[in-house]
Structures are given as structure tokens and as C-alpha cells.
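Heads up, the thing below is written out as C-alpha cells.
The values are calculated or read from the model by the stated rules, or taken from the named source; none is laboratory data. Remember, predicted model here, so these are calculated numbers, not experimental data. Cβ placement follows ideal geometry from the backbone for every residue including glycine, while neighbour counts extend to all protein chains displayed.
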Amino acid sequence: MSESQQRESVPALPASDPRLGVRSGSGVCSFGVFAEADRVSLRLVHPGTRRTLVRPMDPDSAIESAEGGRLWEVSLPLDLRHWSYSYEIERDGQTLSDIVDPRATLVHQGRGFISHDSTSVTPRPDFDPSSAIIYELHIRDFTRDEAGGVHPEWRGRYLGLTQAGTKLGGTSYPTGLDHICELGVTVVQLMPVHAFAMPHHREYEWGYMPNDFNAPHPGYASSVELDAPIREFKRLVSALHERGLRVSLDVVYNHTAERWPDRLRSLMALAPREYFRVDSAGNPSDGSACGNEFRSESPQGRRFLLDSVRYWLTEFGVDGFRFDLMGLIDAETMAMVAQIAHGIDPTIMVYGEPWAAAPTPIEVNSKGRQRSRGWGVFNDEMRDGLRGGVFDDGDPGFLVSGTGVDRVKAGIVGGVRTFADSARETINYIEAHDNHTLADRLRLTAPASNKITDQQRTEMNALGALVLLTSQGVPFLHSGQEFGRTKDLEDNSYNLGDQINNIRWKHKAEHYRLFTFYRQVIAMRREHPMFRLSDREQIEEAIAFFDDDLGLAVPNGAVGYRITDVTGRDSWAEAVVLLNGNQTPVTMPLPEPGAGESGGPKRRSTDAARSAWRLFALDGHVASEQTEHAGELLLPPHYGAVLFVSR
């Protein structure tokens, strides 16, 4: 695809049809649903008396898809607050009952309910996208550990993440929400909170088998009150906003938990050809490797997805989206998502996985297709460069053996030399909920049988954090990464329960030095704009690699680069970042401060040019003494250093 094609204008947004879903007011409640059907009926049940009403719905003959789908609607002059409702359809001589409205905003035990919640949400805090540091967590994992100090009835629930003042039992170490704030990240990414099926574990799932895209998952509510999922999730968003944190949702619009033809529940029952892609035999295509893939490019599929995004942004005040298997969401629809989000607030973040899980009939929305179109992508080049290929345990990566230098360099410049127009389009990471945690990956690729110690693996982890948090682009951390979280070498723990998945807060105390390193390097990144550039031109001007750009000899398995303040806003005139992925010490050259023409502006002060480099980070901790260095620096194995010159 050419660059001009990648930057093509956004197609016109499809109009949102207000008749779809449920709307009420002035004593009237109206229902609308899109269905491929010969007949559709609405079934209502009173929550207390169990009184049942069944009403036929009328088709709108002016709206008909190529597959025969129509809008069906009905209005009743009643106050139906908290009644449950479902649809029944007839198609080709068959009847399907108990179909859940795909736009239902409140779902319990497979039934949609009519909610009238009016809870307000604290407005989103001011936010500079260049300050984004994403922290991914799972509601249950993060708040379930008894030692974390969360109220027993809130553990594993929405409200567990709202509680302030929690500490690891018997210590002064903050846990939960206070831990997030102490760490210094700026964006909390929640693994799926839209209602999901639990086919693999009766109590525990990650949430990637979605059922109801507009309804908060009821299993995370603490109260048994009907509206509790909505009210408590809003309280969670408010609590994070009040602490200055933005909230991103991990959304799974690429497939549903339904299966053709024996597990029909909502979208697949109502309009299978409109909402799902099919293969040459007419069966649901399976680019998600979960049984089906959502047809985001169809008129009603696109409208549904865009309306859902708009609903979460406006009703719950969330601040961004991470799209699971975004490669299956066509690029035109993603451009519309970005247009809607940025029309509400230009600082809202939109990003996702630029790949599919299996073959698909559409062109995969892959890395590069996002160029200048409003969304970002995960950088697997940086990930695999640092830790080795995730599906190849024989690839140790830079952190263990100093391999993968070219991929690491491509990540350091935020992908602007390979697939991105701006560093804001690049999500750099080493660890996420998928695949092994970094600590477990290092146990596999740097095993004790090779006489590698736990302390050395901790140093590798710290080196990875230093690379990640000094690179251009948006850094992404998985919860617990900052204190060496392990899942006992399990790489796909979506249904393995609390024993494997839950955060164990005692590990923060056991690996407190590592946590402190993460916290301090995050603070360094937030303090110095030179590590948070966005424009390609600024990055190319600011960064010069020792070997590629400055003509300095760098040992194999090591990386060194100079970064200059091109914004005029940094207290540092320039810095050098030194990284040693080898298992032996290396001597790194140091350029003369202020010397050379490439990689920086022409604003360097006379004082900066005469100064020696001062040490900031070394030996896995922030230096207590900013000693001066010139000429060269001996770097221990698996260590990194940052040296700087002040203005």
C-alpha cells in the first residue's frame, strides 16, 4: 500500500440510528433491533411479579440490507424500568427465542434489563498524550489478594480498584490504586469489562469471549442491586479520574462468544450475514481463532461498533480503547473510530493489535496502515528484539544475550523508520497479558542451569524497563512487571484461575529495588520531554546512534545513542543512553558533549559543550551521586546508564 493510500481521507461517518436499542421518556418506552427475519416479537418480564408481555414488532421497509435485514421496532406507553426484555424471531420456518439485544446496557444471567441509571462520572483529567504511560491490569487479578488490604467484599471487583489507603499487610507498601499512583503511570488499561461468557472456568476468565458489548460485566459488581454493574463501573472511572489517571478499555469487537449454528444468543442469531464474515462455504470466517469474526465493514456492523465506542466515551467517560486483534477491524472503520473519539476529545487514545489470529477474507489492518490516521499499534519488533520471539524459546533476545540490536534500535526511535509517521502511533512493550511474563520468559531463556542467578534476571528486567522508558513512543507495562510477576511459566493463563493469575503483593516487598527502579525511571521520563517526542522530524533530529550516526565503535550486543533537546523545554541539553545486553562487561565510548552535527539542534549552550557527562542511572538504580564521566564508561553485564548535560 502506498503512503498516499495509507493517508486517505476518512469515509463519511454512518448516521447513528436513534431507533436502535431501548429509549424511554414521557411514559413511553421504545425498542428497535436490526434482524434478518420474517417476524420479530418483543418479550418483556416484570422483575417482581413476573408479569409477561409479548408484542409483535413492525419492520421498516425503507431499511433493508442486501442480506434481507431490516429494522424492527415497537413502542409501549409504559414505564418499564428494570423489566427484562428479549427478542423472538422467525426466519426460514425456524423460531429463535430469548435473543439478547446486542445494544443492551445491563445484562444479568443472559437477560437484558432496562436501566435508568443516572450516576455521573468525574470528568476526565487534563492529559498530554506525550505523557502516556499505559498500565494494563485485570480487575480480579489486581484486587483479589487478601494481603493487599482491599475490603473483603470488594476483592476482585470494580470497587476494589477505587479503595485508597490499602497496604501490604504488616508493611507500609501501598497496594491497589495507591500503588498505581506511586508507580507514576498515567493511563490504566482495563482488560475486558464488557459482559463476557465464561465457557472455560466458572469463576475466572480474562474476558475475551464477549457477549454484550455495551454492558459492564456483572461479575465484577459487589452489590446485588440490578444497576450495580453500571453504577460501580462509573464509580471506578471516577476514582481513577480523581487521581489524575486516564482509563482505557480493552475492547474485543473482532468476534463474539456465539457459535454457528448451536450457540446463537444475540448478533449471530439476529443477523448472521450482516454482522459476521463468511467463508466460501457460507460458514462464519474465523480470523479470530475463536469461532467467528465480526464484519466491521458491513453497514450495520460498522454502525454497531461506532455507536458502542461512542456510548462508552459519553456514558462512562472512558478515555481510550485498546482493540484486541485490531487487524480484523477494517482500516476504514478504525479511521471512523478515531474520528469519533477525537471529536469528543483530541487526547483520547485509540490503539490496538495490528494482526489477526488466523486467515481472514479482508486485508489485515496491519502495522503501517495506521499512518497519520489517528490510531496506534503495538510494536512487536521492540518486544521481540528485547525478549526474543515470543513463540521461539530458543531466541534469547537483547536482554539476555545482546541479540536483536536492530529491532531494539527501531523501537528506540518509536517505529518512525519502519512503520509509523509519529511516535504516538507506536505502543512499545516487553510484557502484556498474552504470552509469558517477562520474569517467566527470562527463566526460560536465561535458566539457572546456565548459572544465571535470580539477581541477574532482575538486572535484565531493569535493563528492559530502561530501554522501554527512554524510547520514543508510548510505553506499555503489564501489572506486576515492575516487581517480577510470575505465572509459574504459564504463557496463556486466560482460564487458569486466581492461583496463577492474581497479583501477589508480597512480591512487591521481595523485589522492592526493582519496583523502585521502575518508579524512578518513569519519573525521569515524565520530567524530561526529550524522551517523549512525537514528530518524526524531531526524533530524527534529536537521536543519533553512536555507530550509525556518530562514527563511534560500539561493542557487539550493546547500544549507545545521544539524544538532544530539540524542544527547548528540557532541563537537560542532551543525554546519552548506554545499553549492554551482553553477559560480560563492555566499555562504551562517550562522545564529547555538544560535539557532532547529526542528531541534534544547533541550540547547545556554550556551558553544555564544555561540561562532562553526569551519571543519572546505573547499576539498576538511580545514582545517588551524579559523578562526571568523559571518554568512555565501563558498563556491567545486562546494565544500562543514562548520562546527561544540563543547560
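Do the conditions hold for Glu274, that is, is it acidic (Asp, Glu), touching a strand residue (DSSP E or B) at 6+ places or on another chain (Cβ under 8 Å) and either under 26 Å from Ser86 (Cβ atoms) or modelled with pLDDT of 95 or more (or both)? Spelling it out, Glu274 is indeed acidic (Asp, Glu), touching a strand residue (DSSP E or B) at 6+ places or on another chain (Cβ under 8 Å) and either under 26 Å from Ser86 (Cβ atoms) or modelled with pLDDT of 95 or more (or both). Touching a helix residue (DSSP H, G or I) at 6+ places or on another chain (Cβ under 6 Å) and either aromatic (Phe, Trp, Tyr) or modelled with pLDDT of 95 or more (or both), is that true of Ile99? Taking the combined requirement at face value, the residue satisfies it. In contact (Cβ under 8 Å) with a residue 40 or more places away in the chain and under 25 Å from Glu225 (Cα atoms): does that describe Arg50? Taking the combined requirement at face value, the residue does not satisfy it.
If I filter the range 430-443 for residues that are acidic (Asp, Glu) and under 24 Å from Arg246 (Cα atoms), do I get at least one hit? Yes: one or more hits. Remark: pairs (first residue in the range 632-647, of a type in the set (D, E, K, R); second residue part of a loop (DSSP other than H, G, I, E, B) and at pLDDT 95 or above; Cβ separation under 9 Å; 6+ apart in sequence or on different chains) = Glu632/Leu590; Arg647/Asp565; Arg647/Asp570; Arg647/Ser571.
Counted as qualifying within the range 317-388 are the strands (runs of 3 or more DSSP E) with 3 or more residues that are more than 21 Å from Phe304 (Cα to Cα), namely 376-379. Reported count of residues in the range 499-519, each being part of a helix (DSSP H, G or I) and surrounded by 15 or more Cβ atoms within 10 Å (Cβ to Cβ), is 12. Restricting Val413, Val405, Val467 to those that are surrounded by fewer than 21 Cβ atoms within 10 Å (Cβ to Cβ), over 19 Å from Glu353 (Cα atoms) and in contact with a strand residue (DSSP E or B) (Cβ under 8 Å, 6 or more places away or on another chain) reduces the list to Val405. Consider the range 251-275 and keep the residues that are of a type in the set (Phe, Trp, Tyr) and in a loop (DSSP other than H, G, I, E, B). The one that is nearest to the chain's Cα centre (by Cα) is Tyr253.
Counting only strands (runs of 3 or more DSSP E) that sit completely within the range 42-161, those holding 2 or more residues that are under 22 Å from Arg246 (Cα atoms) correspond to 134-137. Scanning the range 571-599 for residues that are at pLDDT below 95 and under 36 Å from the mean Cα position of the chain (by Cα) returns Ser598, Gly599. Quick check, is Pro174 surrounded by fewer than 23 Cβ atoms within 10 Å (Cβ to Cβ), touching a strand residue (DSSP E or B) at 6+ places or on another chain (Cβ under 7 Å) and within 22 Å of Pro152 (Cβ to Cβ)? In short, yes.
Among the residues of the range 444-458, what is the count of those that are within 26 Å of the chain's Cα centre (by Cα) and more than 21 Å from Asn580 (Cβ to Cβ)? Within the range 444-458, residues that are within 26 Å of the chain's Cα centre (by Cα) and more than 21 Å from Asn580 (Cβ to Cβ) number 1. Listed by first and then second residue, the pairs with beta-carbon distance under 7 Å, at least 6 apart or on different chains, first residue in the range 385-396 and under 16 Å from Glu490 (Cβ atoms), second surrounded by 16 or more Cβ atoms within 10 Å (Cβ to Cβ) and among the hydroxyl-bearing types (Ser, Thr, Tyr), are Asp393/Thr445. Contact map, the range 549-569: residues that are on the phi > 0 side of the Ramachandran plot paired with residues that are aliphatic (A, V, I, L, M), Cβ distance under 9 Å, separation 6+ or inter-chain. Pairs shown: Gly557/Val405; Gly557/Val586. Val224 - would you say it is out of contact with any Ser or Thr (no Cβ under 9 Å at 6 or more places or on another chain), part of a loop (DSSP other than H, G, I, E, B) and within 19 Å of Thr105 (Cβ to Cβ)? Criteria met by Val224. Only one entry in Glu381, Glu353 is under 16 Å from the mean Cα position of the chain (by Cα), among the charged types (D, E, K, R) and crowded, with 18+ Cβ neighbours inside 10 Å, namely Glu353. Among the residues here, Ser449 does not qualify as among the hydroxyl-bearing types (Ser, Thr, Tyr) and either modelled with pLDDT of 95 or more or crowded, with 24+ Cβ neighbours inside 10 Å (or both).
Taken residue by residue, the range 133-146 has at least one member that is surrounded by fewer than 19 Cβ atoms within 10 Å (Cβ to Cβ) and of a type outside the set (Ser, Thr, Tyr). Kindly evaluate Gly631 against the criterion of being more than 21 Å from Arg417 (Cα to Cα) and either surrounded by fewer than 18 Cβ atoms within 10 Å (Cβ to Cβ) or at pLDDT 95 or above (or both). Criteria met by Gly631.
Looking across the range 24-46, the residues that are surrounded by 14 or more Cβ atoms within 10 Å (Cβ to Cβ) and either among the hydrophobic types (A, V, I, L, M, F, W, C) or farther than 24 Å from Asp92 by Cα (or both) come down to Ser24, Cys29, Ser30, Phe31, Val33, Phe34, Ala35, Ala37, Val40, Leu42, Leu44, Val45.
If you check Leu466 against the conditions, is it closer than 24 Å to Ile133 by Cα and either among the hydroxyl-bearing types (Ser, Thr, Tyr) or in contact (Cβ under 8 Å) with a residue 40 or more places away in the chain (or both)? Criteria met by Leu466. Exactly one residue among Phe316, Phe323 is crowded, with 19+ Cβ neighbours inside 10 Å and within 23 Å of Arg111 (Cα to Cα), and that residue is Phe316.
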